Amino acid sequence: MPVLLNRLVDEAASRDPGAPAIRCDGDTLTYEQLARRANGLARVLLETGLSRGDRVAVWLGKGLDVPVSFYGALAAGATLVPIDPKSPVDQAVRIMRATGATHLISEPDRRAAVSRALADCPDVAQVIGLAGDEATPVPCVTWETVLEQASDRPPDVQVLDLDPAYILHTSGSTGLPKLILHTHYGAMSFVDWAASTYALRSDDRLTNHSSHHTCFATFDYYAAARAGATTVILTPAVLMMPGSLSAVLEREQVSVWYSVPAALVQLSLRGDLEARNLRALRWVLFAGETFPGKHLRRIRQQLPGARLSHVYGSTEVNVCTYFHLPETGDPVGPLPIGKACATTRTLVADAALHPVPDGEVGELFVRGSTVMAGYWGDPERNREVLVRRPAGGGLDEVYFRTGDRARVLADGNLAFVARADRQVKVRGHRVELEEVEAALLSLAAVEEAAVFTVPDGEGSSALRAAVVVGGDAPPAVRDMLADLRRSLPPYALPSDIAAVNALPRTPTGKVDVRALAGQLIEGKTRDGD
(Lines give C-alpha, C1' and ligand atoms only; values in the text may rest on other atoms or scores of the structure.)
Protein backbone atom coordinates (compact mmCIF):
# COMPACT_ATOMS: atom_id res chain seq x y z
CA MET A 1 0.00 0.00 0.00
CA PRO A 2 1.44 3.45 -0.89
CA VAL A 3 2.42 5.80 1.91
CA LEU A 4 -0.30 8.36 2.66
CA LEU A 5 -0.20 11.51 4.78
CA ASN A 6 -1.12 9.63 7.95
CA ARG A 7 2.10 7.58 7.83
CA LEU A 8 4.64 10.09 6.54
CA VAL A 9 6.13 10.87 9.94
CA ASP A 10 6.27 7.23 11.06
CA GLU A 11 8.07 6.36 7.83
CA ALA A 12 10.60 9.16 8.36
CA ALA A 13 11.07 8.17 12.01
CA SER A 14 11.76 4.57 11.05
CA ARG A 15 14.54 5.73 8.68
CA ASP A 16 16.23 8.21 11.03
CA PRO A 17 14.49 8.68 14.38
CA GLY A 18 16.96 11.30 15.65
CA ALA A 19 16.74 13.56 12.59
CA PRO A 20 15.24 17.01 13.27
CA ALA A 21 11.71 17.20 11.91
CA ILE A 22 10.57 20.60 13.16
CA ARG A 23 12.44 23.67 14.35
CA CYS A 24 10.74 26.70 15.91
CA ASP A 25 12.34 29.53 17.89
CA GLY A 26 15.31 27.36 18.75
CA ASP A 27 13.26 24.33 19.86
CA THR A 28 13.41 21.00 18.02
CA LEU A 29 11.22 17.97 17.55
CA THR A 30 12.97 14.95 16.10
CA TYR A 31 11.04 12.63 13.82
CA GLU A 32 10.83 10.11 16.65
CA GLN A 33 9.41 12.72 19.04
CA LEU A 34 6.98 14.04 16.42
CA ALA A 35 5.76 10.53 15.58
CA ARG A 36 5.32 9.59 19.24
CA ARG A 37 3.35 12.75 20.03
CA ALA A 38 1.21 12.44 16.90
CA ASN A 39 0.41 8.83 17.70
CA GLY A 40 -0.50 9.82 21.26
CA LEU A 41 -2.86 12.50 19.99
CA ALA A 42 -4.40 10.02 17.55
CA ARG A 43 -5.09 7.62 20.41
CA VAL A 44 -6.69 10.38 22.49
CA LEU A 45 -8.94 11.35 19.58
CA LEU A 46 -10.01 7.76 18.98
CA GLU A 47 -10.65 7.15 22.69
CA THR A 48 -12.93 10.19 22.80
CA GLY A 49 -15.20 8.88 20.05
CA LEU A 50 -13.65 10.06 16.80
CA SER A 51 -14.61 7.99 13.76
CA ARG A 52 -12.81 7.72 10.43
CA GLY A 53 -13.50 10.79 8.33
CA ASP A 54 -14.70 12.97 11.22
CA ARG A 55 -13.50 16.55 10.95
CA VAL A 56 -10.90 17.80 13.44
CA ALA A 57 -10.50 21.58 13.51
CA VAL A 58 -7.07 22.97 14.42
CA TRP A 59 -7.12 26.56 15.72
CA LEU A 60 -3.56 27.23 16.85
CA GLY A 61 -0.90 29.87 16.48
CA LYS A 62 2.37 28.86 14.85
CA GLY A 63 4.43 26.48 16.95
CA LEU A 64 5.46 22.88 17.54
CA ASP A 65 1.90 21.83 18.41
CA VAL A 66 0.75 22.50 14.83
CA PRO A 67 2.55 19.58 13.10
CA VAL A 68 1.70 17.32 16.07
CA SER A 69 -1.97 18.23 15.57
CA PHE A 70 -1.83 17.72 11.82
CA TYR A 71 -0.17 14.33 11.90
CA GLY A 72 -2.14 13.19 14.97
CA ALA A 73 -5.49 13.96 13.35
CA LEU A 74 -4.43 12.28 10.11
CA ALA A 75 -3.09 9.21 11.96
CA ALA A 76 -6.52 8.83 13.59
CA GLY A 77 -8.16 8.73 10.15
CA ALA A 78 -9.73 12.16 10.61
CA THR A 79 -10.22 14.93 8.07
CA LEU A 80 -8.05 17.87 9.08
CA VAL A 81 -9.60 21.37 9.15
CA PRO A 82 -6.86 23.96 9.77
CA ILE A 83 -8.25 27.37 10.76
CA ASP A 84 -6.42 30.61 10.10
CA PRO A 85 -4.79 31.58 13.43
CA LYS A 86 -5.97 35.16 12.84
CA SER A 87 -9.60 34.16 12.26
CA PRO A 88 -12.07 36.04 14.45
CA VAL A 89 -14.49 33.91 16.44
CA ASP A 90 -17.33 34.34 13.94
CA GLN A 91 -15.17 33.07 11.07
CA ALA A 92 -13.96 30.07 13.09
CA VAL A 93 -17.56 29.27 13.98
CA ARG A 94 -18.63 29.38 10.32
CA ILE A 95 -15.85 26.97 9.36
CA MET A 96 -16.52 24.52 12.19
CA ARG A 97 -20.28 24.56 11.65
CA ALA A 98 -20.00 24.20 7.87
CA THR A 99 -17.61 21.25 8.13
CA GLY A 100 -19.42 19.63 11.07
CA ALA A 101 -16.21 19.46 13.10
CA THR A 102 -16.53 17.01 16.01
CA HIS A 103 -13.19 17.83 17.67
CA LEU A 104 -11.24 21.05 18.15
CA ILE A 105 -7.53 21.35 18.90
CA SER A 106 -6.55 24.71 20.38
CA GLU A 107 -4.44 26.34 23.09
CA PRO A 108 -4.88 28.14 26.44
CA ASP A 109 -4.29 31.58 24.89
CA ARG A 110 -7.55 31.12 22.95
CA ARG A 111 -9.65 29.94 25.89
CA ALA A 112 -12.09 32.85 25.79
CA ALA A 113 -12.46 32.66 22.00
CA VAL A 114 -12.93 28.87 22.12
CA SER A 115 -15.64 29.17 24.80
CA ARG A 116 -17.53 31.71 22.68
CA ALA A 117 -17.15 29.56 19.56
CA LEU A 118 -18.36 26.37 21.23
CA ALA A 119 -21.63 28.04 22.17
CA ASP A 120 -22.46 28.09 18.45
CA CYS A 121 -20.83 24.78 17.45
CA PRO A 122 -23.05 21.97 18.79
CA ASP A 123 -21.22 19.26 16.82
CA VAL A 124 -17.92 19.78 18.67
CA ALA A 125 -17.79 17.10 21.36
CA GLN A 126 -14.17 17.38 22.51
CA VAL A 127 -11.48 20.05 22.88
CA ILE A 128 -7.79 19.13 22.91
CA GLY A 129 -5.26 21.53 24.39
CA LEU A 130 -7.28 23.13 27.19
CA ALA A 131 -8.08 22.21 30.75
CA GLY A 132 -11.81 21.96 31.42
CA ASP A 133 -13.62 24.77 33.20
CA GLU A 134 -17.17 26.05 33.66
CA ALA A 135 -16.93 28.26 30.55
CA THR A 136 -16.09 25.32 28.26
CA PRO A 137 -19.27 23.29 27.73
CA VAL A 138 -17.59 20.10 26.40
CA PRO A 139 -14.96 17.68 27.79
CA CYS A 140 -11.36 18.88 27.47
CA VAL A 141 -8.01 17.09 27.27
CA THR A 142 -4.79 18.95 28.04
CA TRP A 143 -1.59 18.69 26.03
CA GLU A 144 0.00 17.11 29.10
CA THR A 145 -2.45 14.22 28.80
CA VAL A 146 -1.66 13.90 25.10
CA LEU A 147 2.06 13.67 25.86
CA GLU A 148 1.40 10.95 28.42
CA GLN A 149 -0.15 8.89 25.60
CA ALA A 150 2.90 9.25 23.33
CA SER A 151 3.60 5.97 21.55
CA ASP A 152 5.90 4.41 18.97
CA ARG A 153 2.95 2.49 17.56
CA PRO A 154 0.48 4.25 15.28
CA PRO A 155 -3.18 3.35 15.80
CA ASP A 156 -4.58 0.56 13.69
CA VAL A 157 -6.75 2.73 11.44
CA GLN A 158 -7.18 1.95 7.77
CA VAL A 159 -6.96 5.04 5.58
CA LEU A 160 -7.63 4.78 1.83
CA ASP A 161 -6.10 6.99 -0.81
CA LEU A 162 -9.44 8.56 -1.81
CA ASP A 163 -10.39 9.33 1.80
CA PRO A 164 -10.61 13.05 2.59
CA ALA A 165 -7.35 14.35 4.08
CA TYR A 166 -7.93 18.03 4.76
CA ILE A 167 -10.29 20.93 4.13
CA LEU A 168 -8.59 24.27 3.49
CA HIS A 169 -10.38 27.58 3.46
CA THR A 170 -9.94 30.76 1.46
CA SER A 171 -12.01 33.92 1.42
CA GLY A 172 -15.01 33.92 -0.89
CA SER A 173 -16.45 36.83 -2.84
CA THR A 174 -19.44 36.93 -0.48
CA GLY A 175 -17.23 37.02 2.62
CA LEU A 176 -18.04 33.41 3.44
CA PRO A 177 -15.04 31.06 3.26
CA LYS A 178 -14.65 28.60 0.41
CA LEU A 179 -14.03 25.15 1.90
CA ILE A 180 -11.72 23.14 -0.35
CA LEU A 181 -11.49 19.37 0.12
CA HIS A 182 -8.39 17.38 -0.86
CA THR A 183 -7.97 13.62 -0.63
CA HIS A 184 -4.91 11.71 0.54
CA TYR A 185 -4.29 10.69 -3.06
CA GLY A 186 -4.41 14.28 -4.31
CA ALA A 187 -2.17 15.54 -1.54
CA MET A 188 0.39 12.76 -1.99
CA SER A 189 0.42 13.30 -5.76
CA PHE A 190 1.64 16.83 -5.13
CA VAL A 191 4.00 15.80 -2.30
CA ASP A 192 5.74 13.15 -4.41
CA TRP A 193 6.00 15.49 -7.40
CA ALA A 194 7.43 18.33 -5.28
CA ALA A 195 9.92 16.13 -3.42
CA SER A 196 11.18 14.77 -6.74
CA THR A 197 11.17 17.98 -8.77
CA TYR A 198 13.04 19.99 -6.13
CA ALA A 199 15.27 17.03 -5.16
CA LEU A 200 14.43 17.36 -1.47
CA ARG A 201 16.94 15.62 0.79
CA SER A 202 17.07 14.65 4.44
CA ASP A 203 19.61 17.42 5.10
CA ASP A 204 17.37 20.13 3.62
CA ARG A 205 15.77 22.77 5.79
CA LEU A 206 12.48 24.18 4.47
CA THR A 207 10.65 27.23 5.74
CA ASN A 208 7.06 27.38 6.88
CA HIS A 209 6.48 31.02 5.97
CA SER A 210 2.76 31.19 5.20
CA SER A 211 -0.04 30.36 7.58
CA HIS A 212 -0.54 26.64 8.13
CA HIS A 213 -4.14 26.76 6.89
CA THR A 214 -2.96 27.46 3.31
CA CYS A 215 -1.86 25.13 0.53
CA PHE A 216 1.74 26.30 1.04
CA ALA A 217 1.81 24.11 4.17
CA THR A 218 1.38 20.99 2.02
CA PHE A 219 4.89 21.63 0.72
CA ASP A 220 6.31 23.01 3.97
CA TYR A 221 5.24 20.05 6.14
CA TYR A 222 4.34 17.02 4.04
CA ALA A 223 6.93 17.30 1.26
CA ALA A 224 9.57 17.89 3.93
CA ALA A 225 8.49 14.78 5.83
CA ARG A 226 8.48 12.74 2.62
CA ALA A 227 12.19 13.51 2.29
CA GLY A 228 12.94 13.33 6.01
CA ALA A 229 13.92 17.02 5.88
CA THR A 230 13.47 19.70 8.54
CA THR A 231 10.70 22.31 8.55
CA VAL A 232 11.65 25.63 10.16
CA ILE A 233 8.49 27.35 11.41
CA LEU A 234 8.71 31.13 11.03
CA THR A 235 6.66 32.80 13.75
CA PRO A 236 4.82 36.14 13.38
CA ALA A 237 7.43 37.85 15.57
CA VAL A 238 10.17 36.80 13.13
CA LEU A 239 8.15 37.66 10.04
CA MET A 240 7.43 41.19 11.22
CA MET A 241 11.05 42.29 10.70
CA PRO A 242 12.87 41.37 7.45
CA GLY A 243 16.20 41.72 9.24
CA SER A 244 15.17 39.22 11.91
CA LEU A 245 13.89 36.88 9.21
CA SER A 246 17.14 36.92 7.26
CA ALA A 247 19.01 36.27 10.52
CA VAL A 248 16.90 33.15 11.09
CA LEU A 249 17.55 31.98 7.52
CA GLU A 250 21.27 32.30 8.19
CA ARG A 251 21.21 30.73 11.65
CA GLU A 252 19.03 27.78 10.58
CA GLN A 253 20.92 27.31 7.30
CA VAL A 254 17.65 27.21 5.36
CA SER A 255 18.09 25.54 1.97
CA VAL A 256 14.58 25.69 0.42
CA TRP A 257 12.25 28.69 0.61
CA TYR A 258 8.61 28.89 -0.58
CA SER A 259 6.42 31.99 -0.33
CA VAL A 260 4.60 34.67 -2.27
CA PRO A 261 6.84 37.21 -4.08
CA ALA A 262 5.89 39.98 -1.63
CA ALA A 263 7.78 38.24 1.18
CA LEU A 264 10.89 38.01 -0.98
CA VAL A 265 10.55 41.66 -1.98
CA GLN A 266 10.56 42.69 1.68
CA LEU A 267 13.58 40.47 2.34
CA SER A 268 15.38 41.98 -0.63
CA LEU A 269 14.64 45.59 0.30
CA ARG A 270 14.95 45.46 4.07
CA GLY A 271 16.51 42.12 5.05
CA ASP A 272 20.18 43.15 4.87
CA LEU A 273 20.83 40.09 2.70
CA GLU A 274 24.29 41.22 1.66
CA ALA A 275 25.44 40.90 5.28
CA ARG A 276 24.12 37.32 5.65
CA ASN A 277 25.72 34.00 4.84
CA LEU A 278 22.91 32.36 2.89
CA ARG A 279 25.03 29.97 0.83
CA ALA A 280 22.91 27.04 2.07
CA LEU A 281 19.87 28.43 0.22
CA ARG A 282 19.68 26.37 -2.98
CA TRP A 283 16.04 26.71 -4.12
CA VAL A 284 13.69 29.69 -3.90
CA LEU A 285 10.10 28.95 -4.92
CA PHE A 286 7.49 31.66 -5.26
CA ALA A 287 3.81 31.63 -6.20
CA GLY A 288 0.56 33.49 -5.85
CA GLU A 289 1.18 36.78 -7.65
CA THR A 290 3.39 38.53 -10.18
CA PHE A 291 7.04 39.05 -9.27
CA PRO A 292 8.03 42.56 -10.44
CA GLY A 293 11.06 42.35 -12.71
CA LYS A 294 13.17 44.94 -10.89
CA HIS A 295 12.76 43.11 -7.58
CA LEU A 296 13.41 39.76 -9.21
CA ARG A 297 16.69 41.01 -10.68
CA ARG A 298 17.75 42.30 -7.25
CA ILE A 299 16.97 39.06 -5.42
CA ARG A 300 18.94 37.10 -8.01
CA GLN A 301 21.96 39.31 -7.38
CA GLN A 302 21.58 38.97 -3.62
CA LEU A 303 21.16 35.16 -3.72
CA PRO A 304 23.52 34.11 -6.54
CA GLY A 305 23.74 30.51 -5.35
CA ALA A 306 19.99 29.84 -5.33
CA ARG A 307 17.88 28.57 -8.20
CA LEU A 308 14.55 30.30 -8.62
CA SER A 309 11.31 28.60 -9.58
CA HIS A 310 7.95 30.18 -10.36
CA VAL A 311 5.09 27.84 -9.45
CA TYR A 312 1.46 28.48 -10.27
CA GLY A 313 -1.80 27.17 -8.88
CA SER A 314 -4.64 27.96 -6.54
CA THR A 315 -5.71 26.23 -3.33
CA GLU A 316 -8.09 24.17 -5.46
CA VAL A 317 -5.25 22.61 -7.49
CA ASN A 318 -2.20 23.28 -5.29
CA VAL A 319 0.54 23.58 -7.94
CA CYS A 320 -0.30 22.73 -11.54
CA THR A 321 2.47 24.45 -13.56
CA TYR A 322 6.05 25.45 -12.85
CA PHE A 323 8.88 27.36 -14.50
CA HIS A 324 12.54 27.11 -13.49
CA LEU A 325 14.25 30.41 -14.20
CA PRO A 326 17.40 30.08 -16.32
CA GLU A 327 20.51 30.01 -14.17
CA THR A 328 22.04 32.87 -16.15
CA GLY A 329 20.48 35.94 -17.68
CA ASP A 330 17.24 37.65 -16.84
CA PRO A 331 13.96 36.74 -18.55
CA VAL A 332 12.59 39.44 -20.82
CA GLY A 333 9.08 40.56 -19.88
CA PRO A 334 6.75 38.91 -17.36
CA LEU A 335 7.70 35.46 -16.16
CA PRO A 336 5.76 32.58 -17.69
CA ILE A 337 3.95 30.25 -15.32
CA GLY A 338 5.61 27.38 -17.13
CA LYS A 339 4.43 23.95 -18.20
CA ALA A 340 2.11 21.46 -16.56
CA CYS A 341 3.42 19.33 -13.72
CA ALA A 342 3.56 15.58 -14.25
CA THR A 343 0.40 15.37 -12.13
CA THR A 344 -1.74 17.70 -14.25
CA ARG A 345 -2.89 18.62 -17.72
CA THR A 346 -3.75 22.16 -18.79
CA LEU A 347 -6.13 23.50 -21.39
CA VAL A 348 -6.45 27.08 -22.66
CA ALA A 349 -9.95 27.26 -24.04
CA ASP A 350 -12.99 29.38 -24.75
CA ALA A 351 -16.19 29.28 -22.71
CA ALA A 352 -17.31 26.11 -24.52
CA LEU A 353 -14.03 24.36 -23.63
CA HIS A 354 -12.79 24.48 -27.22
CA PRO A 355 -8.99 24.96 -27.28
CA VAL A 356 -7.89 28.35 -28.58
CA PRO A 357 -4.91 28.57 -30.98
CA ASP A 358 -1.48 28.96 -29.41
CA GLY A 359 -0.75 32.60 -28.72
CA GLU A 360 -4.39 33.55 -28.26
CA VAL A 361 -5.86 34.32 -24.86
CA GLY A 362 -8.38 31.96 -23.29
CA GLU A 363 -9.37 30.70 -19.88
CA LEU A 364 -7.07 28.21 -18.20
CA PHE A 365 -8.58 24.85 -17.21
CA VAL A 366 -6.71 22.19 -15.22
CA ARG A 367 -7.28 18.49 -14.68
CA GLY A 368 -5.24 15.92 -12.81
CA SER A 369 -4.61 14.15 -9.53
CA THR A 370 -3.90 17.27 -7.48
CA VAL A 371 -7.22 18.94 -8.31
CA MET A 372 -9.52 19.20 -5.30
CA ALA A 373 -12.31 16.71 -4.72
CA GLY A 374 -14.65 19.69 -4.52
CA TYR A 375 -15.94 22.49 -2.33
CA TRP A 376 -17.26 21.01 0.90
CA GLY A 377 -21.05 21.19 1.06
CA ASP A 378 -21.40 23.39 -2.02
CA PRO A 379 -22.67 21.32 -4.98
CA GLU A 380 -23.79 24.41 -6.91
CA ARG A 381 -20.32 25.93 -6.87
CA ASN A 382 -18.82 22.54 -7.78
CA ARG A 383 -21.01 22.40 -10.89
CA GLU A 384 -19.73 25.85 -11.86
CA VAL A 385 -16.02 25.12 -11.57
CA LEU A 386 -15.66 21.37 -12.12
CA VAL A 387 -16.68 21.10 -15.74
CA ARG A 388 -16.86 18.03 -17.97
CA ARG A 389 -15.31 17.81 -21.42
CA PRO A 390 -15.86 14.83 -23.74
CA ALA A 391 -12.70 12.75 -24.07
CA GLY A 392 -13.91 10.23 -26.65
CA GLY A 393 -15.19 6.71 -26.23
CA GLY A 394 -18.13 7.95 -24.21
CA LEU A 395 -15.84 9.20 -21.43
CA ASP A 396 -15.59 12.67 -19.94
CA GLU A 397 -12.63 14.51 -18.47
CA VAL A 398 -13.27 16.78 -15.48
CA TYR A 399 -11.48 20.13 -15.57
CA PHE A 400 -11.22 22.83 -12.92
CA ARG A 401 -12.11 26.29 -14.19
CA THR A 402 -9.33 28.49 -12.76
CA GLY A 403 -10.84 31.87 -13.60
CA ASP A 404 -7.42 32.90 -14.95
CA ARG A 405 -6.80 34.05 -18.50
CA ALA A 406 -3.68 32.65 -20.15
CA ARG A 407 -2.06 31.88 -23.48
CA VAL A 408 0.43 29.32 -24.79
CA LEU A 409 3.79 30.81 -25.82
CA ALA A 410 5.86 29.69 -28.79
CA ASP A 411 8.14 27.61 -26.53
CA GLY A 412 5.19 25.75 -25.01
CA ASN A 413 5.22 27.61 -21.72
CA LEU A 414 2.04 29.17 -20.41
CA ALA A 415 1.79 32.90 -19.81
CA PHE A 416 -0.60 34.25 -17.21
CA VAL A 417 -2.54 37.22 -18.61
CA ALA A 418 -4.97 38.24 -15.88
CA ARG A 419 -7.66 37.08 -13.55
CA ALA A 420 -10.93 36.92 -15.45
CA ASP A 421 -12.56 38.84 -12.60
CA ARG A 422 -9.81 41.51 -12.72
CA GLN A 423 -10.63 42.62 -16.24
CA VAL A 424 -12.85 45.67 -15.77
CA LYS A 425 -14.59 48.19 -17.96
CA VAL A 426 -13.74 51.86 -17.52
CA ARG A 427 -15.83 54.25 -19.61
CA GLY A 428 -16.45 51.49 -22.12
CA HIS A 429 -12.84 50.35 -22.37
CA ARG A 430 -11.54 47.01 -21.13
CA VAL A 431 -8.71 47.40 -18.64
CA GLU A 432 -6.51 44.70 -17.09
CA LEU A 433 -5.79 45.72 -13.51
CA GLU A 434 -2.55 43.70 -13.58
CA GLU A 435 -1.36 45.84 -16.50
CA VAL A 436 -1.90 49.05 -14.54
CA GLU A 437 -0.12 47.56 -11.51
CA ALA A 438 2.81 46.53 -13.71
CA ALA A 439 3.06 50.09 -15.05
CA LEU A 440 3.14 51.48 -11.52
CA LEU A 441 5.81 48.96 -10.49
CA SER A 442 7.96 50.05 -13.42
CA LEU A 443 8.38 53.45 -11.75
CA ALA A 444 11.73 53.56 -9.97
CA ALA A 445 10.41 54.72 -6.59
CA VAL A 446 7.43 52.33 -6.41
CA GLU A 447 8.13 49.16 -4.40
CA GLU A 448 4.58 47.72 -4.27
CA ALA A 449 1.33 48.59 -6.02
CA ALA A 450 -2.33 47.63 -6.01
CA VAL A 451 -5.17 48.84 -8.22
CA PHE A 452 -8.91 48.45 -7.75
CA THR A 453 -12.13 50.00 -9.00
CA VAL A 454 -14.54 52.41 -7.33
CA PRO A 455 -17.87 53.77 -8.63
CA ASP A 456 -17.36 57.04 -10.51
CA GLY A 457 -20.82 58.39 -9.71
CA GLU A 458 -21.84 58.28 -13.36
CA GLY A 459 -22.77 54.63 -13.67
CA SER A 460 -19.27 53.48 -14.57
CA SER A 461 -16.07 52.70 -12.69
CA ALA A 462 -12.88 54.59 -11.96
CA LEU A 463 -9.50 53.19 -11.06
CA ARG A 464 -7.81 53.89 -7.76
CA ALA A 465 -4.27 52.89 -6.84
CA ALA A 466 -2.21 52.51 -3.71
CA VAL A 467 1.58 52.34 -3.72
CA VAL A 468 4.40 51.80 -1.28
CA VAL A 469 7.29 54.07 -2.27
CA GLY A 470 10.92 54.01 -1.25
CA GLY A 471 13.48 56.74 -0.74
CA ASP A 472 13.50 59.85 1.41
CA ALA A 473 11.71 62.02 -1.15
CA PRO A 474 8.80 60.06 -2.67
CA PRO A 475 7.51 61.43 -5.97
CA ALA A 476 4.37 63.50 -6.03
CA VAL A 477 1.20 61.92 -7.37
CA ARG A 478 1.16 64.28 -10.35
CA ASP A 479 4.68 63.15 -11.29
CA MET A 480 3.71 59.48 -11.08
CA LEU A 481 0.67 60.13 -13.27
CA ALA A 482 2.84 61.97 -15.78
CA ASP A 483 5.15 58.95 -15.99
CA LEU A 484 2.19 56.56 -16.34
CA ARG A 485 0.88 58.52 -19.34
CA ARG A 486 3.92 57.30 -21.26
CA SER A 487 2.85 53.64 -20.93
CA LEU A 488 -0.92 53.62 -20.36
CA PRO A 489 -3.85 54.96 -22.39
CA PRO A 490 -5.84 57.77 -20.71
CA TYR A 491 -8.75 55.53 -19.73
CA ALA A 492 -6.37 53.18 -17.82
CA LEU A 493 -4.88 55.94 -15.66
CA PRO A 494 -5.86 55.82 -11.97
CA SER A 495 -8.00 58.72 -10.86
CA ASP A 496 -6.03 58.80 -7.63
CA ILE A 497 -2.79 57.33 -6.29
CA ALA A 498 -2.43 57.03 -2.53
CA ALA A 499 0.94 56.43 -0.88
CA VAL A 500 0.62 53.97 2.02
CA ASN A 501 3.12 52.59 4.50
CA ALA A 502 2.20 48.99 3.66
CA LEU A 503 -0.35 47.06 1.61
CA PRO A 504 -2.62 44.85 3.73
CA ARG A 505 -2.08 41.17 3.02
CA THR A 506 -4.10 37.98 3.22
CA PRO A 507 -2.69 35.03 5.21
CA THR A 508 -0.99 33.74 2.04
CA GLY A 509 0.65 37.13 1.46
CA LYS A 510 -1.49 38.36 -1.44
CA VAL A 511 -2.80 41.93 -1.39
CA ASP A 512 -6.09 42.16 0.52
CA VAL A 513 -7.90 44.51 -1.87
CA ARG A 514 -11.05 44.66 0.25
CA ALA A 515 -9.10 45.73 3.33
CA LEU A 516 -7.08 48.19 1.26
CA ALA A 517 -10.21 49.86 -0.12
CA GLY A 518 -11.57 50.23 3.41
CA GLN A 519 -8.23 51.61 4.58
CA LEU A 520 -8.21 54.29 1.91
CA ILE A 521 -11.81 55.26 2.58
CA GLU A 522 -10.92 55.76 6.23
CA GLY A 523 -8.02 57.96 5.16
CA LYS A 524 -5.25 55.81 6.66
CA THR A 525 -2.66 56.78 4.07
CA ARG A 526 0.68 58.49 4.01
CA ASP A 527 0.90 61.93 2.48
CA GLY A 528 1.88 61.23 -1.10
CA ASP A 529 1.69 64.73 -2.61
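Odds and ends about this structure:
- Restricting the stretch 266-322 to residues that are surrounded by fewer than 18 Cβ atoms within 10 Å (Cβ to Cβ) and touching a His at 6+ places or on another chain (Cβ under 9 Å) leaves a set whose member that is nearest to Leu245 (Cα to Cα) is Leu269.
- Within the stretch 60-89, the set of residues being in contact (Cβ under 8 Å) with a residue 40 or more places away in the chain and part of a loop (DSSP other than H, G, I, E, B) comprises Leu60, Gly61, Lys62, Gly63, Leu64, Ala76, Gly77, Ile83, Asp84, Pro85, Lys86.
- Within the stretch 173-209, considering residues that are of a type in the set (D, E, K, R) and closer than 18 Å to Val232 by Cα, the one nearest to the chain's Cα centre (by Cα): Arg205
Let's see how each residue does on (1) without any contact (Cβ under 8 Å) to a residue 24 or more places away in the chain; (2) farther than 21 Å from Gly72 by Cα; (3) in contact with an Asp or Glu (Cβ under 6 Å, 6 or more places away or on another chain); (4) not in a helix (DSSP H, G or I):
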{"residue": "Gln91", "(1), (2), (3), (4)": "no, yes, no, no"}
{"residue": "Ile95", "(1), (2), (3), (4)": "no, no, no, no"}
{"residue": "Ala98", "(1), (2), (3), (4)": "no, yes, no, no"}
{"residue": "Arg110", "(1), (2), (3), (4)": "no, no, no, no"}
{"residue": "Val114", "(1), (2), (3), (4)": "no, no, no, no"}
{"residue": "Asp120", "(1), (2), (3), (4)": "no, yes, no, yes"}
{"residue": "Leu130", "(1), (2), (3), (4)": "no, no, no, yes"}
{"residue": "Ala135", "(1), (2), (3), (4)": "no, yes, no, yes"}
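- Output for the stretch 345-373, where each listed residue is touching a Leu at 6+ places or on another chain (Cβ under 9 Å), touching a residue at least 60 places away in the same chain (Cβ under 8 Å) and either buried (at least 20 other Cβ atoms within 10 Å of the Cβ) or farther than 24 Å from Ile180 by Cα (or both): Thr346, Val348, Val371, Met372
- Some residue of the stretch 147-155 being in the same structural domain as Trp59 (by TED's automatic domain parsing) and in contact with a strand residue (DSSP E or B) (Cβ under 8 Å, 6 or more places away or on another chain): no
- The set of residues in the stretch 352-373 that are in a strand (DSSP E or B), within 22 Å of Phe219 (Cβ to Cβ) and not basic (Lys, Arg) comprises Leu364, Val366, Gly368.
- Of all residues making up the stretch 287-310, the number that are among the β-branched types (Val, Ile, Thr) and within 19 Å of Phe416 (Cβ to Cβ): 1
- Selection count, the stretch 291-315, where residues are in contact with a Phe, Trp or Tyr (Cβ under 8 Å, 6 or more places away or on another chain) and either β-branched (Val, Ile, Thr) or under 27 Å from Val436 (Cα atoms) (or both): 5
- Flag: Val424 matches the condition of being over 30 Å from His324 (Cβ atoms) and assigned to a strand (DSSP E or B).
- Residue ID - surrounded by the most Cβ atoms within 10 Å (Cβ to Cβ), chosen from residues in the stretch 385-399 that are touching a residue at least 12 places away in the same chain (Cβ under 8 Å) and in contact with a Lys or Arg (Cβ under 7 Å, 6 or more places away or on another chain): Tyr399
- Lone qualifier among Ala462, Ala444, Ala449, Ala418 - being crowded, with 16+ Cβ neighbours inside 10 Å and at pLDDT 85 or above: Ala449
- Checking every residue in the stretch 145-161 against the condition of being under 28 Å from the mean Cα position of the chain (by Cα) and surrounded by fewer than 18 Cβ atoms within 10 Å (Cβ to Cβ) gives at least one match.
- Restricting the first member to the stretch 474-489 and to residues that are farther than 19 Å from Glu447 by Cβ, and the second to residues that are assigned to a helix (DSSP H, G or I) and modelled with pLDDT under 85, the beta-carbon pairs closer than 9 Å and six or more apart or on different chains are Leu488/Glu435.
- Residue list for the stretch 130-168, filter: touching a helix residue (DSSP H, G or I) at 6+ places or on another chain (Cβ under 6 Å) and under 30 Å from Gly403 (Cβ atoms): Asp161, Leu162, Asp163, Ala165, Ile167
The values are calculated or read from the model by the stated rules, or taken from the named source; none is laboratory data. If you're wondering where the values come from, they're calculated on a predicted model, not measured in any experiment. When we count neighbours, we look across all protein chains shown, and the Cβ atoms used for this are built from the backbone with ideal geometry, even at glycine.
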